[in-house]
Amino acid sequence: MTHDHDLVLRPTAAQTEAALNPPPGRTGGDLVVESLAALGATTVFGLPGQHALAVFDALRRSDLRYIGLRVENNAGFAADAYGRVTGEAAPLLLSTGPGALTSLAALQEARAASAPVLAICGQVPTAGLGGGRHGHLHELPDQAASFRGVVKSVHTARTQSQIPSAIAEAWTSALTVPHGPVWVEIPQDVLLAETSIPVVSGGDTFPEELPPRPELTAVAADLLTRAERPAIVAGGGVVRADAAKKLRQLAELIQAPVVTTYGGKGAFPWTHPLSLQSWLEDRHTTDFLEDADVLLVVGSGLGELSSNYHTFAPRGRVIQIEADLGKLESNHPALGIHADARLALQALLETVGERTDPAAPDRVRQVLDRVGARIAAQDLTREQDALAAVRKALPPRAPSFWDMTILAYWAWSAFDAKAPNTMHSAQGAGGLGYAFPAALGAAAADPTHPVLAVSGDGGALYSVAELATARQYGLNVTWLIVDDGGYGILREYMTDAFGTPTPTATDLPGPDFVALAESFGVPGVRTSPETLETDLAKALAAPGPSVVVLPAVLRMFAPTHAE
């Protein structure tokens, strides 16, 4: 009797011949590049360094496209965005020590946002491993230890024969839900040495699916069917699982209002009669969700931002669907369902009963009207007009990437993403400098749409070197820089906390961003609140990179979590 797992694919005559007579001059670096190509990679990001040069040399002999950035952290952000947009593992090539460590903030964001990034790093020669102090350049006692608390998994290859399997194992880990960044490191001498190992051709990997336990979805379906006031919180897990259509079907079937988290922007249609939009930092929304007798939370851990700074206290039954086991019931007791959002929603659609609730859209409108009235009372017309101008200028399917800046904080709550997987920000880990290099990664992934990046002047200075990258590769990214002369949101935080900001900490005398962009050969324009829509639309319509600078001091709407 033959079992499926007993079947072995036999090589063809041509494959046998190629294996017996591999091309000369190949190194361990070629094994890395061949492994990536065999797994389906087409584009890699990174920076060269002494201990990884063999990999970059091997790129010359491959069909992989290389996008080289100027700072390792920015390369990590670009890979993060490529992974978010495509759903594929994005290779990130790094060197040892300072180069590797510089990528940590980007990998933390990728982990928080479940972005599949495959970081491959060189190491000091094999003889220098093990924690001794041998004096190698960039030497760390245990380089991988710096990443174990950040990435999803760590993989090592200490011989050339281990390279294809280590990379395939890491690739599988990155693409098994929840997606995330992974770390592979290979010593310099292993990468440099010539190899007689055949060209890597087999690259099939099978990321594991994460279906829900049927007894749990049966209970969840019964609770939702019998609920009087059900509501849904849709997080980033819905977007990552490509489950927006199933979410809409379920919401309509049980007539449940839906609020999307900041990471879940676009998971539910903004103008749908059941859409509570994304006003999570508003007490009216919090009150509504607390009043639900059954609250379905899909793809969210209900963390700080999604719970109105942990002031949310549900009074009804909570059902939480979450692929990250560590987030399951981490903030609120729930019927916890450890599963991929798409598979769990499909299971609910097959078992839940239809509900009728003609009053549900009216309740949604009442909440949104209260939110609108609260914002209208704060004299924030400039901020609302600026966000509306961005939305009008940006084509509906064009992706946008937002830094940690006041206009982005507005966008989290008030921006219509138009479609799933089009609006992205660094709110997972909250680091500065994300927007522009991430937008470059998205433009590399899909050149058919213009890409928008939005930064403040403080965040822009983290990634301004990548104007050279944008120009070098002709990437179709428009960078909107809101220049308020400092860390605007930190000014507000310090004023709220201490009564006055500290000018030496929050004020930033900066460059002329238009002139700086033009010095890189990138067109720049200085706009105004009145001309923003026109200038931004013109820049987005032009091919290649561009910079639009808006000198303006914007304010946040008043928080409600302290009330």
Exactly one of ALA244, ALA267 is open to solvent by 10 Å² or more (accessible area, probe 1.4 Å), of a type outside the set (Val, Ile, Thr) and touching a helix residue (DSSP H, G or I) at 6+ places or on another chain (Cβ under 9 Å), and that residue is ALA244
Out of the residues in segment 233-250 that are in contact with a Pro (Cβ under 8 Å, 6 or more places away or on another chain) and among the hydrophobic types (A, V, I, L, M, F, W, C), which is nearest to VAL318 (Cα to Cα)?
VAL238
State yes or no: is ALA54 touching a residue at least 60 places away in the same chain (Cβ under 8 Å), among the hydrophobic types (A, V, I, L, M, F, W, C) and open to solvent by less than 30 Å² (accessible area, probe 1.4 Å)?
yes
Give segment 299-322 a look and list any residue that's in contact with a His (Cβ under 7 Å, 6 or more places away or on another chain) and open to solvent by 20 Å² or more (accessible area, probe 1.4 Å), or say none.
GLU304, TYR309, THR311, PRO314
Search segment 28-45 for residues that are at pLDDT 95 or above and pair each with any residue that is crowded, with 24+ Cβ neighbours inside 10 Å and among the aromatic types (Phe, Trp, Tyr) when their beta-carbon atoms are under 8 Å apart and the residues are at least 6 apart or on different chains.
LEU39/TRP171; THR43/TYR82; PHE45/TYR82
Please find, within segment 153-194, the residue that is nearest to the chain's Cα centre (by Cα) out of those that are more than 17 Å from GLY40 (Cα to Cα) and of a type in the set (Ser, Thr, Tyr).
SER153
Would you mind stating whether THR285 is under 20 Å from the mean Cα position of the chain (by Cα) and among the β-branched types (Val, Ile, Thr)?
no
Would you check which residues across segment 149-173 are free of Cβ contacts under 8 Å to residues at least 12 places away in the same chain and assigned to a helix (DSSP H, G or I) and list them?
GLN162, SER165
Pick from segment 342-371, criterion within 20 Å of LEU274 (Cα to Cα) and small (Gly, Ala, Ser), ranking: nearest to the chain's Cα centre (by Cα):
ALA360
What number of residues in segment 501-513 are over 30 Å from the mean Cα position of the chain (by Cα), modelled with pLDDT of 75 or more and either open to solvent by less than 60 Å² (accessible area, probe 1.4 Å) or polar (S, T, N, Q) (or both)?
0
Based on what the data block shows, is GLU518 open to solvent by 50 Å² or more (accessible area, probe 1.4 Å), assigned to a helix (DSSP H, G or I) and closer than 29 Å to ASP379 by Cα?
no
Test: ARG213 is under 15 Å from HIS338 (Cα atoms), open to solvent by 20 Å² or more (accessible area, probe 1.4 Å), of a type in the set (Lys, Arg) and at pLDDT 95 or above
yes
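The values are calculated or read from the model by the stated rules, or taken from the named source; none is laboratory data. It should be emphasised that the depicted structure is a prediction, and the values quoted were computed from it without experimental measurement. Quick reminder, even Gly has a Cβ in these numbers, built from the backbone with ideal geometry, and neighbours come from all protein chains shown. The area values use the complete protein model at the heavy-atom level, side chains included, leaving out ligands, DNA and RNA. Shrake-Rupley method; radii C 1.70, N 1.55, O 1.52, S 1.80 Å.
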